[in-house]
Amino acid sequence: MKHLLKLGDLTGEQIIDILNLADQLKYEQKHGIAHKHLEGQTLGMIFQKSSTRTRVSFETGMYQLGGNALFLSSRDLQIGRGEPVQDTARVLSRYLNGIMIRTFAQQEVDDLAKYGSIPIINGLTDYCHPCQVLADLMTVREHKGSLSGLKMCFIGDGNNVANSLIVGGIKTGMRVAVATPTGFEPNADVMAWAQKSGQFTHTNDALTAAAGADVIFTDVWASMGQEEAAVQRRKAFEGVYQVNDAVMAAANPGCMVQHCLPAHREEEITEKVFEAHAEEIFDEAENRLHAQKAVMVKLMGK
């Protein structure tokens, strides 16, 4: 494992290995046990898309691991003024020990890995969100004890989070059901790969997808960069693709709810369901810190 570009690059065993280390690091932090695995190292954090959780969790994680983190917006880098990504990759590789990038195009992340000589971590692209889903899987395992054999359901837009949940869920032994409106399906290549596993179903009916689920995921109907299409998207999703009492009644007793945040209450999830599962949702948010620390130690640790 040289980089974290997408979960499709990892085996199920590698994902579980990351989760095991994340559990260990979380335990150590909660019990005041220092783990300065990255002392003296520096992570560059490139943000083409802003974020609360990604910036704070990576920056705090590097501090707790004994290293430093540099926030680099597109305004701070020549890449925002037209410098080729391959040149940026080669320059930053001579200064830094690793790069986390949160951007639009997956190709930009792949090119950093291709031309650079240090570990690259995908903090989010329009295609996938591996760091979020590692935290999601960590949280489900904390609450359910294991992942294998569980049914995961995703309701909403077939976006980057959905793409990574499909891959991460199947690779760790889960059955995955996704409900989206027509025209808002997950990535076609991801769907084709998932169909071959025999552990995946896609439907336009939220209640069908939720039937027998052990954990239900959702996300906003319009992601960052899709604000202009928000009205059109609301018409496609409203009243049907919402995690509500009816969806929860179709799921298994004790079904978890996960949301990567920020949440738009009474759109993709009701206030009632969100608050009933708030502890699980904020455990999920916290686990971004621990899962990402595990990724950084795996990639950058001596």
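Taken together, the values in this text are just the output of simple stated rules run on the coordinates, not laboratory data. Source: prediction; values computed, not measured. Here the Cβ positions follow ideal geometry from the backbone for every residue, glycine too, while neighbour counts run over all protein chains shown.
Magnitude of the charge dipole for segment 132-284, about its Cα centre and with charges confined to Cβ atoms of Lys, Arg (+1) and Asp, Glu (-1), is about 600 debye. Helices assigned as whole DSSP H runs in the chain whose Cα atoms extend at least 15 Å along their own long axis and whose mean Kyte-Doolittle hydropathy is 0.5 or higher are found at 160-171.
Once you sort the root eigenvalues of the Cα gyration tensor of segment 157-230 as a ≥ b ≥ c, which label holds: rounded (a/c under 1.5), prolate (a/b larger than b/c) or oblate (the other case)? Because a/c hits 1.5 or more and a/b exceeds b/c, segment 157-230 counts as prolate. Among PHE274, PHE58, PHE71, PHE154, the order by Cβ neighbours within 10 angstrom, fewest to most, reads PHE71, PHE274, PHE58, PHE154. Under the simplified labelling scheme, the THR60-THR182 pair shows an inter-label distance of 4.5 nm, with each label point 7 Å from Cα along Cα→Cβ.
With neighbours defined as other Cβ atoms within 10 Å of a residue's Cβ, the residues HIS259, HIS37 order from fewest to most as HIS37, HIS259.
Share of pairwise Cα-Cα distances greater than 17 Å in segment 63-145 is 54 percent (whole percent). For the chain, relative contact order (Cα pairs under 8 Å, six or more residues apart, normalised by length) works out to 21 percent. Taking 21 Å as the limit for the C-alpha separation, the pairs LYS2/LYS49; LYS6/LYS144; LYS6/LYS36; LYS26/LYS144; LYS49/LYS272; LYS6/LYS298 exceed it in the case of LYS2/LYS49; LYS6/LYS144; LYS6/LYS36; LYS49/LYS272.
If you bin every alpha carbon distance in segment 171-210 into 10 Å steps from zero, what whole percent lands in each bin? Here the calculated profile for segment 171-210 is 29, 57, 13.
Quick one: length gained pulling PHE71 to ASP189 fully straight, 0.36 nm per residue minus the C-alpha distance?
Here the answer is 39.2 nm.
Counting only Cα atoms, the chain measures 54, 45, 36 Å along its principal axes, largest extent leading. With point charges of +1 on the Cβ of Lys and Arg and -1 on the Cβ of Asp and Glu, referenced to the Cα centre of segment 212-302, which listed residue (VAL240, ALA250, VAL215) lies farthest in the positive direction of the dipole? So the residue we want is VAL215. Radius of gyration over Kirkwood radius for segment 132-284, both on Cα atoms: the Rg/Rh ratio is 0.93. Is the C-alpha gyration tensor of segment 242-289 telling us rounded, prolate or oblate? Criteria: a/c under 1.5 is rounded; beyond that, a/b larger than b/c is prolate, otherwise oblate. Verdict is oblate for segment 242-289. In the chain, a dipole from Cβ-located charges (positive for Lys and Arg, negative for Asp and Glu) runs towards its positive end, and of THR52, GLY168, VAL85 it is VAL85 whose Cα lies farthest in that direction. Put a plus charge on the Cβ of each Lys and Arg, a minus charge on the Cβ of each Asp and Glu, and nothing anywhere else: the dipole of the chain about its Cα centre is then about 880 debye. One decimal place: the segment TYR115-HIS264 gains 49.7 nm when fully extended, by the rule 0.36 nm per residue minus the C-alpha distance. On full extension, the segment bounded by ALA105 and VAL240 gains 45.6 nm, given 0.36 nm per residue less the C-alpha separation. Across segment 147-156, coupling constants 3J(HN,Hα) worked out from phi with the 6.51/-1.76/1.60 Karplus curve, θ = phi - 60°, read 10, 4, x, 7, 10, 9, 10, 10, 10, x Hz, and Gly and Pro carry x.
Packing here is the average count of other Cβ atoms within 10 Å per residue, and on that basis the peptides 165-172, 239-246, 27-34, 281-288, highest first, run 165-172, 281-288, 239-246, 27-34. Ordering GLN64, GLN14, GLN24 by Cα displacement along the dipole of segment 1-117 toward the positive end leaves GLN64 in first place; charges were set at the Cβ atoms of Lys, Arg (+1) and Asp, Glu (-1).
Label sites at GLN226 and THR42, each approximated as a point 7 angstrom past Cα along Cα to Cβ, lie 3.7 nm apart.
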